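Trainee: My questions will all concern the structure given below.
The values are calculated or read from the model by the stated rules, or taken from the named source; none is laboratory data. Just so we're clear, the structure is a prediction, and the values are computed from it rather than from any experiment. Cβ sites come from the backbone with ideal geometry, for glycine too, and all protein chains shown count toward neighbours. Ligands, DNA and RNA are stripped out before the accessible areas are found, and what is left, the full protein with its side chains, is counted by its heavy atoms. Shrake-Rupley method; radii C 1.70, N 1.55, O 1.52, S 1.80 Å.
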Amino acid sequence: MKKDIILAGVGGQGILSIAAIIGLAALEKELYVKQAEVHGMSQRGGAVQSHLRISSNQIASDLIPLGEADMILSVEPMESLRYMPYLSTDGWIITNSKPFINIFNYPDLNKLLTQIQNYKNTLVINADEIAAKNGSLKSSNVVLLGAASLYLEIPYVNLENGIRTLFGRKGEDVVNKNLTALKAGMESILQIK
Amino acid sequence: MEKLLLLGAEALAQGAIDGGMSGIYAYPGTPSTEITEYVQKSKLAKDKKIHCQWSVNEKTAMESALGMSYAGKRAMVCMKQVGLNVAADPFVNSAITGVNGGLIITVADDPSMHSSQNEQDSRYLGKFAMIPIFEPSNQQEAYDMTREGFIVSEKYKTPVLIRITTRLSHSRYGVQRKELIKENNLSLPEDPKQFILLPAIAKNRYKILLNNQKNFEADSESSLFNKYIEGNDKSLGIVACGIAYNYLLENFPDHICSYPVVKIGQYPAPKNLINKLSTECGELLILEDGYPFIEEMLKGFFDCGKLIHGRLDGTLPRDGELNPTLVALALGLKTKEGLPVPEIVVNRPPELCSGCSHRDIYDALNEAMISYGEKRVFSDIGCYTLGALPPFNSINSCVDMGASITMAKGAADAGLIPSVAVIGDSTFTHSGITGLLDVVNENSPVTIIISDNSAVAMTGGQKSAATGKIKNICLGLGVEPEHVRVLLPLPKNHDDMVRVMKEELAYNGVSVIIAERECIQTFSQKKKENKK
Ligand SMILES: Cc1ncc(C[n+]2csc(CCOP(=O)(O)OP(=O)(O)O)c2C)c(N)n1
């Protein structure tokens, strides 16, 4: 088993929590996990990415080679396209449709969403809307993870446990909110399917 | 012992804690910050009372670590690559004094300049100081090398350098912990003169360092971190340093390279291993995540004999960090590059947070400067450097920490009056104070704005050594009290701020304007914590 995932977003949007949950889930399944993150300058509202690699064998490189990512998981639509050179020909783009606009020249949203749909394997959901409906806008990143969960080859229950481990410190309420968000994200895909 | 999922930076820290370190000294700087932060958060470190408070700058950190070593205990000092320039004087001289307790200098380089002014390669400074250098290829080696580093340091009574690069520092992987080594007891150097670098003594100490070189070389040949790995295809031999080794293996099924490889993790470079590679193989390829340090050495001045490929002959790019794809190209392997980035994607540069006090300061300064014209504002390093970008376009320099004040002084000396400096609170205590004394001593017509957000914000909101002290420092240095002005940077105070700035710009002498409001990030973090 091997899954190479590019996590994308804007500094402060919580891609590192997604990485941590998948990482914890993979470790529970006794898989190898390697994860390169971005710290520093770009965290101030700039484009950020994380390379998450999961494998049943030892992993050499901390970075995913170009054209070998199985998935781009993005919490922001424009950011989902920034790392296209990394995506393999059969790879998936799974992205939030809600834009984060902090630049004056942000592209036209309709054109952007059309562009995303042009690629081979795409899943676009409004994770913010789903998260808000479930009572916690802040967990839109976990909604997105729920949507991606069907394509990760990691059992759903391990992702749930990942959430329990990651948010356990913050109390029952936060854990439950995130479990609900994960489920809502997953179910939104079952509906599309 | 348990297995942990650690960033490379954290692995270094855990290795140091488990290796019997008694103190870590550092000034924050990406990508090195997480080493010290890990120790600060470690329960074990807390129980053992390991010193882990931030220092005011890299030089004070280096000297404190040397002092702890003098007293017989193990110490580590951490910094980013440019920090080693600031600490260069004690760093180079510590090689001459030698150490008592084990001393490791850990430096995180930033090839590709993700968060830095340059991509200098610290191995050159390690070689310059003539000390052993360790360069981990993965998180486990990062852990192992801090332990080994202390052992080598105490064996030869020499400081050692550990060099990592951004990717390893900020990437997580499983690390196997090893048994805890006891801390040293307080014990003073045997030779009471060891640390007195008067010429007569320094000459002897330097001889000791020179004599040690053959030991360092011999250790490198037999080091666990340096390996000769056989390969069937001898048309090419590969030297892979540090993390470059992983990028190499990534390109081969089951991570078995078809060419012979010398993997380097400890310097001075292992001459015999490389000689063997050169003898057995047709051409050489050198892979380094940094400057062509080994490559230059092997090529030499006359560049004759062996065909050597790497960054110097264009086989790899001359600058920037390595990655598995670049290594594949260098090996002539096919890469799988995906589709191009579509044109609709635009740049998203970092920006000042909304509500940040630096914003209010630049809004006011831009207005106050209108009558003087452009290109007079020297600035410095921190979040406020983002004032160089639109919509502000307020500043004209960012060179090294503290340079705003002294460059403004030099420009004023040349006749640029008034000239302006904008500097952050942590940068001011890091390296601005001495420059301000220069300005005060000549009463130079410079207006200095200290944007005090009570945090080291750019690197993640660490505690600033300056908090609550800036006004008194300025007065103590001799700035006239009526020209030390304190402002509260808020949009509603805009007109007031412009007025004060205009008054001080018009004054033909030193003024300091302190604009104080806490960083919006640390402020909201604290609010969240208080709620709990
Ligand atoms: C010699 C050196 N050490 C460390 C750094 C890393 N660094 C860059 S900005 C910064 C923080 C500066 O803090 P401050 O001046 O208070 O500005 P703020 O980011 O809070 O606005 C640090 C530590 C550096 N660039 N150079």
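Trainee: Would you tell me the mean number of C-beta atoms belonging to other protein chains that fall within 10 Å of each C-beta in B:244-251, as a whole number?
Mentor: 4
Trainee: Let me ask something else. Averaged over peptide A:65-74, how many Cβ atoms belonging to another chain are found within 10 Å of each residue's Cβ? Mind dumping the intermediate values first?
Mentor: Values: counts 12, 10, 7, 7, 1, 0, 0, 1, 0, 0.
Going residue by residue through A:65-74 and averaging, the value is 4.
Trainee: So, with +1 on the Cβ of K and R and -1 on the Cβ of D and E, and no other charges, what is the size of the charge dipole of region A:2-192 about its Cα centre, to the nearest 20 debye?
Mentor: Magnitude of the dipole: close to 260 debye.
Trainee: Shielding by partners for A:29-39, please: the mean number of other protein chain Cβ atoms within 10 Å of each residue's Cβ.
Mentor: Counting other chains' Cβ atoms within 10 Å and averaging over A:29-39 gives 5.
Trainee: With +1 on the Cβ of every Lys and Arg and -1 on the Cβ of every Asp and Glu, and nothing else charged, how large is the dipole of chain B about its Cα centre, in debye rounded to the nearest 20?
Mentor: The calculation lands at about 1360 debye.
Trainee: Separate question: Within the set A:29/A:138; B:263/B:334; A:177/B:463, which residue pairs have Cα atoms separated by over 25 Å?
Mentor: A:29/A:138; A:177/B:463
Trainee: For the pair residue B:193 and residue B:531, how long in nm is the line joining their label points, each one 7 Å along Cα→Cβ?
Mentor: For residue B:193 paired with residue B:531, the spin-label model returns 6.5 nm.
Trainee: Just going by the charge dipole of the protein assembly as shown, with Lys and Arg at +1 and Asp and Glu at -1 on Cβ, which of B:513, B:52, B:294 is farthest out on the positive end?
Mentor: B:52
Trainee: How many nm is it between the label spots at residue B:222 and residue A:56, if each spot is 7 Å from the Cα in line with the beta carbon?
Mentor: 4.2
Trainee: Heavy atoms only, probe 1.4 angstrom, no DNA, RNA or ligands counted: give me B:43, B:299 ranked by accessible area, highest first. Kindly include the intermediate steps, with their values, before the conclusion.
Mentor: Values: B:43 145, B:299 35 Å².
Greatest to least solvent exposure: B:43, B:299.
Trainee: Here's something else I'd like to know. What FRET efficiency, computed as 1/(1 + (r/R0)^6) with R0 = 30 Å and r the Cβ-Cβ distance, is obtained for residue B:276 and residue B:112, rounded to the nearest 0.05?
Mentor: Efficiency at R0 = 30 Å is approximately 0.40.
Trainee: Could you grab the relative contact order for region B:357-524? Cα pairs under 8 Å, six or more apart, rounded to a whole percent.
Mentor: Over region B:357-524, the number comes to 26 percent.
Trainee: Additional query: FRET efficiency for residue B:502 and residue B:297, Cβ-Cβ distance as r, R0 = 41 Å, nearest 0.05?
Mentor: 0.10
Trainee: Can you compute the modelled spin-label distance between residue B:256 and residue B:335, with each label point 7 Å from Cα toward Cβ, in nm?
Mentor: 2.7
Trainee: Buried accessible area between A and B (1.4 Å probe, both chains summed, ligands and nucleic acids excluded), in Å² to the nearest 100? Don't skip to the end; give the middle numbers.
Mentor: Numbers: alone 9620 and 24230 Å², together 29780 Å².
In total, this chain pair buries about 4100 Å².
Trainee: With a cut-off of 8 Å between alpha carbons and a minimum separation of six or more residues, what is the relative contact order of chain B in percent?
Mentor: Reported as a whole number, the value is 11 percent.
Trainee: So how far, in whole Å, is the C-alpha centre of region B:323-338 from the one of region B:31-72?
Mentor: Rounded to whole Å, the Cα centres lie 40 Å apart.
Trainee: Quick one: putting +1 on the C-beta of Lys and Arg, -1 on the C-beta of Asp and Glu, what dipole do you get for the protein assembly as shown around its Cα centre, in Debye to the nearest 20?
Mentor: Values: 73 positive and 80 negative charges, 302 e Å.
So the dipole magnitude of the protein assembly as shown works out to roughly 1440 debye.
Trainee: Run down the lysines and flag those whose C-alpha is under 17 Å from the C-alpha of residue B:502, throwing out any fewer than 8 positions away in its chain.
Mentor: B:375
Trainee: Give me the percent relative contact order of chain A, please, defined on Cα pairs under 8 angstrom at least 6 residues apart.
Mentor: Values: 366 pairs, mean separation 42.1, N = 193.
Over chain A, the number comes to 22 percent.
Trainee: Considering the dipole of the protein assembly as shown built from charges on the beta carbon (Lys and Arg +1, Asp and Glu -1) around the Cα centre, which of B:434, B:76, A:8 is farthest to its positive end?
Mentor: B:76
Trainee: Hey, another quick one. Given a Förster radius of 30 Å and the C-beta distance between residue A:104 and residue A:170 as r, what FRET efficiency does 1/(1 + (r/R0)^6) yield to the nearest 0.05?
Mentor: Efficiency, from the Cβ-Cβ distance: 0.25.
Trainee: May I ask you to compute the full-extension gain from residue B:200 to residue B:3, defined as 0.36 nm times their residue separation minus their alpha-carbon distance, rounded to one decimal in nm?
Mentor: Answer, rounded to one decimal: 65.9 nm.
Trainee: Still on this structure: Summing -39500 (n - 2.57) over the DSSP H runs of n ≥ 4 in chain A and dividing by its residue number, what mean residue ellipticity at 222 nm do you reach, to the nearest 500 deg cm²/dmol? Intermediate values should be presented prior to the final figure.
Mentor: Numbers: 7 runs with 77 residues, N = 193.
After summing the helix terms and dividing by residue count, I get -12000 deg cm²/dmol.
Trainee: Find the centroid of the Cα atoms in region A:140-193 and in region B:209-285, then give the distance between the two in whole Å.
Mentor: When both Cα centres are located, 45 Å separates them.
Trainee: Also, quick follow-up: Within region B:1-98, which GluC sites (Glu not before Pro) sit in a loop by DSSP and count at most 16 neighbouring Cβ atoms inside 10 Å?
Mentor: Answer by residue number: B:2.
Trainee: Starting from the Cα of residue B:180, move 7 Å in the Cα-to-Cβ direction to define the label point; list residues of region B:142-165 whose amide nitrogen is under 17 Å from there.
Mentor: Of the residues in region B:142-165, B:147 have backbone N under 17 Å from the label point off residue B:180.
Trainee: May I ask you to list the GluC sites (Glu not before Pro) in region B:293-349 that are in a DSSP loop and have at most 13 other Cβ atoms within 10 Å of their Cβ?
Mentor: In loop regions of region B:293-349 (DSSP not H, G, I, E or B), the sparsely surrounded GluC sites (Glu not before Pro) are B:343.
Trainee: Please give me the summed charge of the neighbours of residue B:416: other residues whose Cβ is under 11 Å from its Cβ, Lys and Arg +1, Asp and Glu -1.
Mentor: Working: positive: B:375, B:376, B:409; negative: B:413.
Overall, the nearby charge balance is +2.
Trainee: Compare the peptides B:234-242, A:142-150, B:170-178 by average per-residue count of other Cβ atoms within 10 angstrom and give them in order, highest first.
Mentor: Top to bottom by mean Cβ count within 10 Å: A:142-150, B:234-242, B:170-178.
Trainee: Between helix B:357-368 and chain B, what is the angle of the helix's C-alpha long axis to the longest principal axis, kept within 0 to 90° and rounded to the nearest 10?
Mentor: 50
Trainee: Taking Cα centroids, how far is region B:113-156 from region B:374-453 in Å?
Mentor: Between the Cα centres of region B:113-156 and region B:374-453 lies a distance of 33 Å.
Trainee: Moving to a separate point now. Treating cross-link reach as a plain straight distance, find the aspartates and glutamates whose alpha-carbon is under 19 Å from the alpha-carbon of residue B:299, omitting any fewer than eight places away in the same chain.
Mentor: B:121, B:280, B:283, B:288, B:289, B:313, B:319
Trainee: Starting from 0.36 nm per residue, how many nanometres of slack lie between residue B:155 and residue B:304 once their C-alpha separation is accounted for? If you can, show how the numbers build up before the last one.
Mentor: On the way: separation 149, 0.36 × 149 = 53.64 nm, distance 3.86 nm.
Between residue B:155 and residue B:304, full extension yields an extra 49.8 nm.
Trainee: Also, I was wondering about something else. Straight-line reach from residue B:276: which aspartates and glutamates have Cα under 13 Å away, leaving out those fewer than 8 places along the same chain?
Mentor: By straight Cα distance, residue B:276 reaches B:221, B:230.
Trainee: Could you tell me which of B:66, B:131, B:33 has its Cα farthest along the dipole of region B:3-152 towards the positive end, charges placed at Cβ (Lys, Arg +1; Asp, Glu -1), taken about the Cα centre?
Mentor: B:66
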